[in-house]
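**Student:** Dropping the structure in here first, questions after.
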Amino acid sequence: MGVISNGTTLLDSGSLDSGVPSGSMVLIKTLTASSSGTLSFVDGASSVVFDGTYKQYVFKFIDIHAGTENAMPQTKSNPAGKILFLAITAMCFVYLYYRLNGAASREGLPLIAYMTDVFSNVAWVPWLGLMIAYSLFYFLVDTLVVTRALNWFLADIKYKDILPIRASAYIISIFNEQIGKGAMAYYLNKRDQIPGWEVGSVMLFIMFCEVFYLLVWASIGYIAGGEGLPEAFSLMPVITVGAAIFFVIWLLYFQGNLLPNNEFRQKRILDAFKQAKLKHYLLFLILRSPALLAAVIVYSVALNLFGVDASFIELLPYLPVIFFAAAVPTPMRAAAITFWVILFPENEGQMAAFGFVQHNFFILFNAVIGLVFWRRAQRELFS
């Protein structure tokens, strides 16, 4: 493999293809790779200097073959993952049917009549106004978080220019929230020519922080909730301590203080973690928290509209757990609905109805926000 540039001396290490600009060439460097070699041309290293000496530099690759028969590696779907999610979905629906059918029987009603009665007793007009206001507020906070994360690690992109990106990604998020973040990476790559791996790195940072921010608020909720929490919450101290230890190790590792010679941190997709300081994680928590605290208030009011009494303190430890469940890609957010029924066992019908409309309305209304920005997104992506 040779590196050549326009110069005054003819290259004598082989003829060039017709597509390479004609003229005299100067051989700068030749490197030979083994069957598994990795070669690097670094400015200033081993007599290789890329500066203003020449107007154009040319790389020529000779006898380079892909390591597999296909030039692009093919990713294989994981059947175990599909089976797992199908099993989770089946268990959720079986459990919900069992609980709802039992509640209907106690009322002496068929299941459909029982659920019809539950839905007919909801104060729909105030609920709709409440959810529209909350969804818009969440969109603004969510966009702010994405904007700041991109500013920290990539480029100075304005908030108003992230609005159509975040909104359009909500359309994809109907199917899966994490795929929606991948859509944002594609959008920024097409519109602003930011390399996909750089945006993907920031999206990974956001997803990582979202997990820990929910753990932080679940821990605060556990302390505030006291003795009235279900027995399963007794695991929270162990989870909190374990997560704190993991976070410290994570931070030290990506700052190079732990296992400094380890190559894993050099992966480009992890670049945001190498740049991140403790202040970035804390700022993420501060910026994202208003959305969760607003959700606790909104959900407690909305539950009252469904005929269920729930206080702010009662919901504070519950909502982070339910939001974790909502991230599981089950149909109609069945996992989240199941957790609502588990956490409020005396109100099976109301909680199933509440979980169904609450989570699915939120997703669909966010998609409507995306449609508002869709024409702009089309212009920026395809013009």
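Conditions tested, residue by residue: (1) surrounded by 20 or more Cβ atoms within 10 Å (Cβ to Cβ); (2) modelled with pLDDT under 90; (3) within 30 Å of Gly81 (Cβ to Cβ); (4) touching a Phe, Trp or Tyr at 6+ places or on another chain (Cβ under 7 Å).
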residue: Ile297; (1), (2), (3), (4): no, no, no, yes
residue: Val301; (1), (2), (3), (4): no, no, no, no
residue: Leu305; (1), (2), (3), (4): no, no, no, yes
residue: Ala334; (1), (2), (3), (4): yes, no, yes, yes
residue: Ile337; (1), (2), (3), (4): yes, no, yes, yes
residue: Gln350; (1), (2), (3), (4): yes, no, no, yes
residue: Ser383; (1), (2), (3), (4): no, yes, no, no
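**Student:** Under 8 Å between Cβ atoms, which residue pairs at least 6 apart in sequence (or on different chains) link something in region 144-167 that is more than 17 Å from Trp374 (Cα to Cα) with a partner that is among the charged types (D, E, K, R) and in a helix (DSSP H, G or I)?
**Tutor:** Val145/Arg288; Val146/Arg166; Phe153/Glu198; Phe153/Asp271; Leu154/Glu198; Ala155/Asp192; Ile157/Asp192
**Student:** I need a count of the residues in region 274-299 that are over 21 Å from Asp142 (Cβ atoms) and not basic (Lys, Arg).
**Tutor:** Total satisfying the criteria: 2.
**Student:** Name every residue in region 168-206 that is free of Cβ contacts under 8 Å to residues at least 12 places away in the same chain and among the β-branched types (Val, Ile, Thr), in order of residue number.
**Tutor:** Scanning region 168-206 gives Ile172, Ile179.
**Student:** If we keep just the residues of region 281-295 that are surrounded by fewer than 18 Cβ atoms within 10 Å (Cβ to Cβ) and not hydroxyl-bearing (Ser, Thr, Tyr), which is farthest from Val248 (Cα to Cα)?
**Tutor:** The residue in question is Ala294.
**Student:** Right, here's the next one. Do we have any residue at all in region 74-82 that's surrounded by fewer than 13 Cβ atoms within 10 Å (Cβ to Cβ), of a type outside the set (Ser, Thr, Tyr), outside the structural domain of Val328 (by TED's automatic domain parsing) and farther than 22 Å from Val328 by Cα?
**Tutor:** Checked against the condition, which is being surrounded by fewer than 13 Cβ atoms within 10 Å (Cβ to Cβ), of a type outside the set (Ser, Thr, Tyr), outside the structural domain of Val328 (by TED's automatic domain parsing) and farther than 22 Å from Val328 by Cα, region 74-82 yields at least one hit.
**Student:** Here is a list of conditions, (1) farther than 24 Å from Leu282 by Cα; (2) part of a helix (DSSP H, G or I); (3) of a type in the set (Phe, Trp, Tyr), and Phe137 meets all of them except one; can you say which number that is?
**Tutor:** Only one criterion is unmet by Phe137, namely (1).
**Student:** Oh, and also: Is it the case that Ala169 is of a type outside the set (Lys, Arg) and outside any helix (DSSP H, G or I)?
**Tutor:** no
**Student:** Among the listed residues Ile220, Ile162, which satisfies the condition of being in the same structural domain as Arg333 (by TED's automatic domain parsing) and either at pLDDT 95 or above or over 19 Å from the mean Cα position of the chain (by Cα) (or both)?
**Tutor:** Ile220
**Student:** What single numbered condition from (1) at pLDDT 90 or above; (2) of a type in the set (A, V, I, L, M); (3) under 33 Å from the mean Cα position of the chain (by Cα); (4) surrounded by 11 or more Cβ atoms within 10 Å (Cβ to Cβ) fails to hold for Leu86?
**Tutor:** (1)
**Student:** Now for a separate question. How many residues does region 216-233 hold that are in contact (Cβ under 8 Å) with a residue 24 or more places away in the chain and surrounded by 12 or more Cβ atoms within 10 Å (Cβ to Cβ)?
**Tutor:** Looking only at that region, the number is 11.
**Student:** Filter region 239-272 for residues that are closer than 22 Å to Trp340 by Cβ and surrounded by 15 or more Cβ atoms within 10 Å (Cβ to Cβ) and give the result.
**Tutor:** Residues satisfying the conditions do not exist here.
**Student:** Output the residues belonging to region 270-295 that are under 28 Å from Pro195 (Cβ atoms) and either of a type outside the set (A, V, I, L, M, F, W, C) or at pLDDT below 90 (or both).
**Tutor:** Within region 270-295, Asp271, Lys274, Gln275, Lys277, Lys279, His280, Tyr281, Arg288 qualify.
**Student:** Within region 180-204, track down each residue that is over 19 Å from Lys267 (Cα atoms) and of a type in the set (D, E, K, R).
**Tutor:** Within region 180-204, Lys181, Lys190, Arg191, Asp192 meet the criteria.
**Student:** Being buried (at least 19 other Cβ atoms within 10 Å of the Cβ) and not β-branched (Val, Ile, Thr): is that true of Met236 here?
**Tutor:** yes
The values are calculated or read from the model by the stated rules, or taken from the named source; none is laboratory data. Note that the structure is predicted; figures quoted are calculated from it, not measured. In this analysis, Cβ positions are derived from the backbone assuming ideal geometry, glycine residues included, and neighbour counts consider all displayed protein chains.
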